1. Can you find, among C:His47, A:Leu10, A:Gly87, the residue sitting farthest towards the positive end of the charge dipole of the protein assembly as shown, where Lys and Arg contribute +1 and Asp and Glu -1 at Cβ?
2. Averaged over B:109-119, how many beta carbons belonging to a partner chain fall within 10 Å of each residue's beta carbon?
3. How far apart are the A:Asp66 label points across copies, placing each 7 Å from Cα toward Cβ, in nm, shortest first?
4. Can you compute log10 of I(q)/I(0) for chain A with the Debye formula, treating each Cα as one identical point scatterer, at q = 0.19 Å⁻¹?
5. Calculate how many DSSP beta bridges within chain A are antiparallel, expressed in % of all such bridges and rounded to the nearest 5.
6. Percent of Cα-Cα pairs per 10 Å bin, from 0 to the last occupied bin, for region A:103-155, please list those.
7. What distance in nm separates the simple spin-label points at A:Arg79 and B:Glu73, each placed 7 Å from Cα in the Cβ direction?
8. Please work out the C-alpha center-to-center distance from region C:15-87 to region A:54-100 and express it in whole Å.
Amino acid sequence: MGHADALLRLAALNTEYASCIDADRLEDWPSLFLPQCIYKITSADNHRRGYAGGLVYADSRAMLIDRIAALREANIYERQTYRHIIGMPALRPGDDITAETPFLVVRTMRDGPMDLFAAGVYLDRVREADGALRFAERIVVCDSSRIDTLLAIPL
Amino acid sequence: MGHADALLRLAALNTEYASCIDADRLEDWPSLFLPQCIYKITSADNHRRGYAGGLVYADSRAMLIDRIAALREANIYERQTYRHIIGMPALRPGDDITAETPFLVVRTMRDGPMDLFAAGVYLDRVREADGALRFAERIVVCDSSRIDTLLAIPL
Amino acid sequence: MGHADALLRLAALNTEYASCIDADRLEDWPSLFLPQCIYKITSADNHRRGYAGGLVYADSRAMLIDRIAALREANIYERQTYRHIIGMPALRPGDDITAETPFLVVRTMRDGPMDLFAAGVYLDRVREADGALRFAERIVVCDSSRIDTLLAIPL
């Protein structure tokens, strides 16, 4: 897989990732991860200090599926929508593809107001499986340490 | 036209679209649409409910040209500028190319303050005409239902 | 260099540019410019009027290196982080590549709040040197005239 090809395929994976969340197709979101995977949301401060934990931590696709089911039950998604704007990845091919990709999330509440909800960088390890790129690891590093503690929807 | 090629050409069309609006080349904007076309601005709520109408609705390039002329006469553009940040398209080639593309618009008022003006997704049908990609249809679906009713400049 | 190739390489240069600033690798930032180069930050108003000056002006890589050294001494970077979201370039190849690229910068203060810090367009002249694309000129045109006069970190 050449560099341009890897770049465009990873950008397409990010677009699909954002669309699953932003268009309320949350059930499709876990399928973008490998069965064995890491998904973590943390802050830049904690990431820099090497803290292992995160605000959200999952180490399998099954945990991501459970998380979505819990969100549906809690009906939290009904009150807000997200809009991801994802930059072009900076990637370093290898056995796995590793990449850094900036992102921004705008939140719109049901009653109207919009706000900058999160900004940061995705640190990814991506692998080909059955002809598609999938996340082996996605660490969501948020610039702000003031992350909504009710953080409901994946970032 | 291969997938990578279609993706880059559509991204280029979006960049040109944004530049027409953001750099005050509004008169160039209608030329990005086919003579027979749909351009519509609506909210996610109305789109989900299948409401046909929109805050803005045009079904020909001629209507878009009229709209720009009216904007120029009203001098509304003088008071504000827009800045579009457009994500990578998710596209499904076919006879037409159909695509979903996230966008964000920041508005800057002449006296200085900036705000998040709109966020949402473009739902596009694009066709090749005379060697260039042009919009057969662009539905601008805004995440918020509280859209400025004075909505002056195209989104 | 074909059009798609130039586009992806310029997008990669922009990604690296943003990463140098946003990930606090400021010392790597000047190396993305040619030894003889122009780097300028101005407002859309001043740019339109043809004012030569800028809020920030440098005409060599050496000046950019000095600037970063001054920033480090002042410790300003410690109090805030930036996050660039950079759109796809609109480019016109030639002897040099010239391009227009929209950008958005979100600032996060150490104590937590995030704000839209800047939006605008990069006007670039880019040239190949030793196998890599480098900036011969980057004019940062900010939409707002109210630019933080303490403007510390490169945009």
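1. Working it through, the farthest residue towards the positive pole turns out to be C:His47.
2. 5
3. Reported distances to equivalent positions: 6.0, 6.0 nm.
4. With one equal scatterer per Cα and no solvent, log10 I(q)/I(0) is -1.29.
5. Numbers: 35 of 42 bridges.
Given both bridge residues lie in chain A, the antiparallel proportion sits at roughly 85 percent.
6. Going out from 0 Å in 10 Å bins, region A:103-155 shows 20, 42, 25, 12, 1 percent.
7. Placing both labels 7 Å beyond Cα along the Cβ direction yields 4.7 nm.
8. When both Cα centres are located, 32 Å separates them.
The values are calculated or read from the model by the stated rules, or taken from the named source; none is laboratory data. Treat the numbers as computed from the prediction; the structure is a model and nothing was measured. Here the Cβ is made from the backbone with ideal geometry for all residues, glycine too, and neighbour counts use every protein chain on show. All accessible areas refer to the heavy atoms of the entire protein, side chains included, with ligands and DNA or RNA removed. Shrake-Rupley method; radii C 1.70, N 1.55, O 1.52, S 1.80 Å.
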